[in-house]
Amino acid sequence: MLKPEKIWPLAPLPWQQAQWQQVQQALLDNSFPPALLLAGSESIGKQQFAAALTARLLCHAPVAGTACGDCKSCVLLRAGNHADLLWLAPEAGKRIIKVDQVRAAIHFANQTPGLGARKVIALDPAEALNVNGSNALLKSLEEPSESTSIILLSHVAAALPATIRSRCQRLNLTQPDTAEATAWLTTVCGDPELAAELLEASDNRPMRAAELYRNDGLEALRALGEGFDGLLSGRISPLELPQLVADMELGDVIELLERRVGKEIRAQSAAGAGVGAEYGDLRPLFLLYEELQELRRLVANGANPNRQMTIENCALRLVNCLGEFATQC
């Protein structure tokens, strides 16, 4: 979760300018929707866009289409104490936005704004709503309050109930191309070569890359990459991998394993391998890739498998699949 007070000054990212202009035009035309769905893949800047938009909607004196930063509303927003903003996200350690949180948001929406003409509710991410939460929210979407704007952020908009999607105006936020992402990330880390490495480690997801830089996560990824190489060369046993990733979330470890398999699939495909090709049969790799995707989804949705056994089993499968290709190619 990234609340507005964490990322001031609040403005859209360079690759979001076209979408920002759409929003500005809607505000000028008095056609801004009661509910806006910001859809796009994870870690591309949806929270930044939503935070900038929230500040703009609540600001008393916008300047050039963005929040001024100086009015009473902006001062309270920067302090993280704005009475007309409710940012809903799963509670610490949870993955679901509870129905009680949604009910509190509905009560909030029915109150008169305290500082200006508008209140804002953000749901981040909207797919964290369970069935009861979605049903509770639906009534507010069907009978929107004129003084409340609802912003839904979604990494997987297709996962939202059709009844929710149909009552929101959708705005798609796209992933930047490599040049745009590298240029922006260079302003964060100060080194274009480091920016390129961070982006590669993050599958070109700029916000994830920036997080890695700020949290010194790149060193951990480099160490894990060496661990993968050690697995495939036989220097490291699958039983040792859990210790190498002791400080990482299980979902992150599974994601890195998934990306390693995906990278190998792309490399072998480019080299001419395929089902039944002379370079070997890629079906075991595809099967492992699909299993890792499903496992990551289950963990993201709250499953809690035994950490050590899960990582050991995944590492063993990785060695069995990639070790075979390493000897052939």
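Between Ser73, Ser237, Ser41, find the one with the highest GNM mean-square fluctuation for the chain; connect C-alpha pairs within less than 10 Å.
In the Gaussian network model the winner is Ser237.
For the chain, what does the relative contact order come out to in percent, with C-alpha contacts under 8 Å and a separation of six or more?
Averaging sequence separation for qualifying contacts and normalising by length gives 17 percent for the chain.
What does the net charge come to around Gly40 if you take all other residues with beta carbon closer than 11 Å to its beta carbon, with K and R at +1 and D and E at -1?
+2
Report the net charge of residues surrounding Val156, where surrounding means a beta-carbon distance below 9 angstrom and charges are Lys +1, Arg +1, Asp -1, Glu -1.
With Lys, Arg at +1 and Asp, Glu at -1, the net is -2.
Give me P(r) over the range 65-208, computed from all C-alpha to C-alpha distances, binned every 5 Å, as integer percentages.
Reading the bins upward from 0: 2, 9, 15, 15, 14, 15, 14, 9, 5, 1, 0.
Once you've got the GNM for the chain with C-alpha springs shorter than 10 Å, pick whichever of Leu231, Leu28, Leu173 has the biggest mean-square fluctuation.
Leu28
Using only the alpha carbons, work out the radius of gyration and Dmax of the range 221-317 in angstrom.
So, for the range 221-317, Rg and Dmax equal 13.9, 41 Å respectively.
Between Thr187, Leu212, Ala26, whose Cα lies farthest towards the positive end of the dipole of the chain when Lys and Arg beta carbons carry +1 and Asp and Glu beta carbons carry -1, centred on the Cα centre?
Working it through, the farthest residue towards the positive pole turns out to be Ala26.
Return one whole number: the accessible area per residue of the chain in Å², for a 1.4 Å probe.
Working: 16510 Å² over 329 residues.
Averaged over the residues of the chain, the accessible area is 50 Å².
Using a Gaussian network model of the chain with C-alpha springs under 10 Å, which one of Ala11, Ala126, Ala158 is most mobile by mean-square fluctuation?
Ala158
Hey, quick one: spin label on Asn130, modelled 7 Å out along Cα-Cβ, who in the range 94-109 has an amide N within reach, i.e. under 16 Å?
94-104, by backbone N distance to the label point.
How high is the FRET efficiency between His60 and Asp281 when r is their beta carbon distance and R₀ equals 56 Å, given to the nearest 0.05? Before the final figure, lay out the partial values.
On the way: r = 65 Å, r/R0 = 1.15.
In this case the efficiency is close to 0.30.
Which three semi-axes in whole Å describe the equivalent ellipsoid of the chain, each the square root of 5 times a Cα gyration tensor eigenvalue, listed largest first?
42, 22, 18
Once the piece of chain linking Asn215 and Gln111 is laid out straight, how much longer is it, given 0.36 nm per residue of separation minus the C-alpha distance between them? Walk me through the intermediate numbers first.
Values: separation 104, 0.36 × 104 = 37.44 nm, distance 3.95 nm.
Full-extension gain reported as 33.5 nm.
Using +1 at the Cβ of each Lys and Arg and -1 at the Cβ of each Asp and Glu in the chain, identify which of Gly302, Leu231, Cys59 lies farthest towards the dipole's positive end.
My answer, from the dipole projection, is Cys59.
Please list, ordered by chain and number, the residues whose modelled amide H lies under 5 Å from the amide H of Leu88; skip anything fewer than 5 residues away on the same chain.
When sequence neighbours closer than 5 places are left aside, the close amide H contacts are Ala122, Leu123, Asp124.
May I have the convex hull volume per residue, in Å³, for the Cα set of the range 129-260?
Enclosed volume per residue, from the Cα hull, is 168 Å³.
About the Cα centre of the range 117-216, how large is the charge dipole given +1 on each Lys and Arg Cβ and -1 on each Asp and Glu Cβ? Please answer in debye to the nearest 20. The partial results should precede the final answer.
Values: 9 positive and 14 negative charges, 146 e Å.
Computed about the Cα centre, the dipole is about 700 debye.
Give me the angle, in degrees from 0 to 90, between the Cα long axis of helix 46-58 and the longest principal axis of the Cα atoms of the chain, rounded to the nearest 10.
10 degrees
Can you give the percent of C-alpha pairs in the range 89-151 whose distance is more than 15 Å?
Roughly 47 percent, rounded to a whole number.
Using Cα-Cα distances under 8 Å and only pairs 6 or more residues apart, what relative contact order does the range 28-111 have, in percent?
Numbers: 48 pairs, mean separation 10.9, N = 84.
Relative contact order comes out at 13 percent.
For a bin width of 10 Å, list the pair-distance distribution of the range 25-111 built from all Cα-Cα distances, rounded to whole %.
14, 39, 39, 8, 0
Evaluate the charge dipole of the chain about its Cα centre and quote only its size in Debye, nearest 20, assuming +1 on the Cβ of each Lys and Arg and -1 on the Cβ of each Asp and Glu.
1200 debye
The values are calculated or read from the model by the stated rules, or taken from the named source; none is laboratory data. Since the structure is predicted, the reported quantities are computational estimates derived from the model, not experimental observations. For neighbour counting, all protein chains shown are included, and Cβ atoms are generated from backbone atoms with ideal geometry for every residue, glycine included. Only protein heavy atoms, including side chains, enter the accessible area calculation; ligands, DNA and RNA are left aside. Shrake-Rupley method; radii C 1.70, N 1.55, O 1.52, S 1.80 Å.
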